[in-house]
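Below you'll find the structure, written out as structure tokens, and then a few comments.
The values are calculated or read from the model by the stated rules, or taken from the named source; none is laboratory data. Source: prediction; values computed, not measured. All Cβ positions, even for glycine, are placed from backbone atoms using ideal geometry, and neighbour counts span all protein chains on display. Calculation scope for accessible area: heavy atoms of the full protein, side chains included, ligands and nucleic acids excluded. Shrake-Rupley method; radii C 1.70, N 1.55, O 1.52, S 1.80 Å.
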Amino acid sequence: MKLGLVGYGSGGRYFHSPYIAAAEGVELVGIVARSPQRVAEVQSDFPEVPVYASLTELLEAGVDAVTITTPPQTRRELVLEAIEAGVHVIADKPFAPDAAGARELVAAAEAKGVLLSVFQNRRWDTDIRTLKQVLDSEELGKVWRFESAFNLDEPESLESGPTGGLLRDLGSHVVDQALWLFGPATAVTAFLDWVELPEGRTDASFFINLQHASGTHSHISASKVNRLVSKELRVLAEHGSFISSQTDAQTQAIFRGERPAAGRENWGYEVEKRWATLNTATGSRPVPSAQGDYTQFYEQFAAAVDRGEPQPVPASEAVGTIEVLDAVWLSAAESRTVTL
């Protein structure tokens, strides 16, 4: 699959291109970058890959698919341009500003007969994959409560202003994880915390309660400006509990300069001292780390393009995440539970 990458900011450089380069069945054939700094970074990281000034130029050069990882307010028009050109699309999250906009893009892709997937890569986080293995074993039985807390000390990376905020950034991930693990939500109760920035009032942390149709209730929180770093998962179920304080293993490795292409077999594992714990009537025991690998998203997408296999995260499915984010806004604004 000949793939073009549109955008080479932090997302394009650290969360997409390393995994594109490692993916079997994928060839990176072009990168769209405009500023001299971004162009220089592309030329340093991928000297053999052509740089284009626009999506239009990239499409004219010829690609099978594109990844759109530009700022949120620019994504809709770029996704529609690629769809109109008959090219398959991976859109960064959130792939639309609201559920209505998300449905518009889904309909456009279906009408043109192209695939549209959303880069909800954190379904492939190491701790989430470890938890998924435990849930699939059914050792815990029916899950009552899921708790997820993801706190980062990164005030400089908070996307500010009316099109930014932590909810649409990190919130898109942690809400999607809960929906993927425990199924669709039927009700949302939420609280947002705000900061005043030069670009405008911006949500900087949140707490969300989801009631799932399955009977599980999820408690999800995150922050970026409270000088706190933690990644915690807890599950309470009829036969016991699961506790994890694993790290953001893949991201930390990327920023250490490591790349999955250098050794997929060892990529994305948590160190043994930070393994999760499973507590049941037979006692407590450590749970060996599952492998987290965002590369699998790209390999699954290539298989969908080439052989008609299932998409990793079809946009029609990702609409549910945006519906929850819309409900979070309404719940926080009106101090009430929103039924979906």
Do the conditions hold for G7, that is, is it buried (at least 18 other Cβ atoms within 10 Å of the Cβ) and on the phi > 0 side of the Ramachandran plot? yes
Selection within the range 108-125 - open to solvent by 20 Å² or more (accessible area, probe 1.4 Å), in a helix (DSSP H, G or I) and of a type outside the set (A, V, I, L, M): E110, K112
Tell me, yes or no, whether the range 24-33 has at least one residue that is open to solvent by less than 50 Å² (accessible area, probe 1.4 Å), at negative phi and out of contact with any helix residue (DSSP H, G or I) (no Cβ under 8 Å at 6 or more places or on another chain). no
In the range 24-75, what residues are β-branched (V, I, T) and outside any loop (DSSP other than H, G, I, E, B)? V29, I31, V32, V39, V42, V51, T56, V66, T67, I68, T74
If we scan the range 136-155, do we find a residue that is open to solvent by 40 Å² or more (accessible area, probe 1.4 Å), within 15 Å of Q177 (Cβ to Cβ), part of a helix (DSSP H, G or I) and touching a residue at least 12 places away in the same chain (Cβ under 8 Å)? no
When you go through A222, A213, A204 one by one, which is the residue that is buried (at least 20 other Cβ atoms within 10 Å of the Cβ) and free of Cβ contacts under 8 Å to residues at least 60 places away in the same chain? A204
Just one of (1) open to solvent by 20 Å² or more (accessible area, probe 1.4 Å); (2) without any contact (Cβ under 8 Å) to a residue 24 or more places away in the chain; (3) of a type outside the set (S, T, Y) trips up A253, so point out which. (1)
